[in-house]
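Below: the structure, in structure tokens.
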Number of protein chains: 2
Amino acid sequence: MSYIIDIVLFNDFETLDAFGPVEILGKLPDIFKLKFISMEGSLVESSQKVRVETNLYKYEAGVERILIIPGGNGTRENIEDESFISFIKELHNRAKYTLSVCTGSALLAKAGILDNKKATTNKKAYKWVTEQGEKVLWVKEARWVRDENIYTSSGVSAGMDMTLGFIEDLFGKEKALETCQRIEYIWNEDSKYDPFSKLYE
Amino acid sequence: MSYIIDIVLFNDFETLDAFGPVEILGKLPDIFKLKFISMEGSLVESSQKVRVETNLYKYEAGVERILIIPGGNGTRENIEDESFISFIKELHNRAKYTLSVCTGSALLAKAGILDNKKATTNKKAYKWVTEQGEKVLWVKEARWVRDENIYTSSGVSAGMDMTLGFIEDLFGKEKALETCQRIEYIWNEDSKYDPFSKLYE
């Protein structure tokens, strides 16, 4: 089984939200083929000033797709952009799995994708994000949450723990641990362990 | 005090080696101004297929500089390129601090920068890297090592722990922990804790 991974980038995305999962999925190139896409297919600049080349989304027959949505300050503007939200919704509908990191879940919530589903997000931005989806079953204390084919993670670096959890769900724990070893990553394996959830009460 | 951070990119660099530290340093934009540079100043592609815009190195009077060298498969080719090694050496000579991640320390070693200094590197590639610098005082069991103004880290994700250690050294632990909190990162604060060093014996 192989998948195309569509990583959606937009101006002012949070660097590690995208490139943490990319590092992990990119370690399994026989399984995951990474595509960096944006609405315009142009250069996109992260909040940390990384300028990345992107392409337009391109349909390919007979390949399963996985969608990755980072967060970052850019979500504040994008969430008001109906065409962007429709774009996310369409990509999600074509994907077998959708994963968001940090405030990326605000975009999914706004698109209605998370209605009646469990989800989490960044804890500092918790109030703002959760206001974007009143029908979402928000989980405050979680490193990441899976609801069927949708994974949402807590802030920034939590996206890496979630991605490893995703690999575990797809291929077993051994594969996830093997990937950790290759990038010398000390994985927080427990999706419920969230030391940041109580900081903003 | 503010610094320019020169992040040296080259084809086949390891994505997180560069963008882990970038995420952390980029959270302090009043202190650190990030520059992505390469020898050619052109688009550079990581091992995980991220295509990043870079510029040429540009001298600016009166600003302290910090050099960041990622590792990755591209180091195998670059280490044979005398002009690249000279480039690294020159950038190091102009920098107040030099930080390398993963096999990036092989490049520093080849340039003679680590002679008679303590340093570490990726544990899977340990044999190859250490062969690049016979006069280096290699430390096998370490998440990262500081020797005066030079920091070297273990594999990939260890670069993030090192960068937080660097921030601690410059500005104190509170600043480092504050940065962790913003990116919800569970920091391995102990530079000597290295669960990966014994895997390849």
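Per-structure values
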read-out	value
Net charge, B:Glu131 excluded, C-beta distance under 15 Å - Lys, Arg +1, Asp, Glu -1	+4
Rg/Rh (Cα only; Kirkwood hydrodynamic radius) as it applies to the protein assembly as shown	0.96
Residues of the protein assembly as shown: accessible area per residue with a 1.4 Å probe, Å²	40
Shielding by partners - mean other protein chain Cβ count within 10 Å, residues of A:157-166	2
Estimated distance in nm for a label pair at A:Leu137 and B:Asp190, the labels positioned 7 Å out from Cα along Cα-to-Cβ	3.9
Intensity falloff of region B:74-201 expressed as log10 I(q)/I(0), Debye formula with alpha-carbon point scatterers, at q = 0.10 Å⁻¹	-0.31
Copies compared at B:Asn93 - label distances in nm, ascending, label defined 7 Å from Cα in the Cβ direction	6.1
For residues of B:16-25, the mean tally of beta carbons on other chains within 10 Å	6
Percent accessible area from carbon and sulfur atoms, region B:3-199, protein chains only, probe 1.4 Å	44
GluC sites (Glu not before Pro) restricted to DSSP loop in region A:1-59 with at most 14 other C-beta within 10 Å	A:Glu40
Selection of chymotrypsin sites (Phe, Trp or Tyr not before Pro), region B:36-93, meeting DSSP coil and at most 10 other Cβ within 10 Å	B:Tyr59
Other protein chain Cβ atoms within 10 Å, averaged over every residue that makes up A:149-156	2
Residue-wise HN-Hα coupling along region A:64-79, computed from phi with Karplus coefficients 6.51, -1.76, 1.60 (Hz; x: Gly, Pro)	6, 10, 10, 9, 10, 10, x, x, x, 4, x, 5, 5, 7, 4, 5
Listed residue pairs exceeding 21 Å between alpha carbons, taken from A:Lys123/A:Lys192; A:Lys49/A:Lys89; A:Lys118/A:Lys175; A:Lys33/B:Lys49; A:Lys110/B:Lys49; A:Lys110/B:Lys27	A:Lys49/A:Lys89; A:Lys118/A:Lys175; A:Lys110/B:Lys49; A:Lys110/B:Lys27
Given charges at Cβ of Lys, Arg, Asp, Glu: chain B dipole, positive-most of B:Gly133, B:Met160, B:Pro70	B:Gly133
Whole-Å semi-axes of the ellipsoid equivalent to region B:99-154 (Cα gyration tensor, √5λ, descending)	13, 13, 9
Three-way shape call for region B:38-124 based on the alpha-carbon gyration tensor, with the a/c threshold at 1.5	oblate
For B:Glu64, label point 7 Å along C-beta direction: distances to other copies, nm	5.1
Calculated FRET efficiency for the pair B:Ser83/A:Lys127, C-beta based, R₀ 45 Å, to 0.05	0.25
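The values are calculated or read from the model by the stated rules, or taken from the named source; none is laboratory data. Only a predicted model underlies this, so the values are computations on that prediction, with no experimental measurement involved. Every residue, glycine among them, receives a Cβ derived from its backbone with ideal geometry; neighbour counts consider all protein chains shown. Quick note on the areas: whole protein, heavy atoms, side chains included, nothing else; ligands and nucleic acids left out. Shrake-Rupley method; radii C 1.70, N 1.55, O 1.52, S 1.80 Å.
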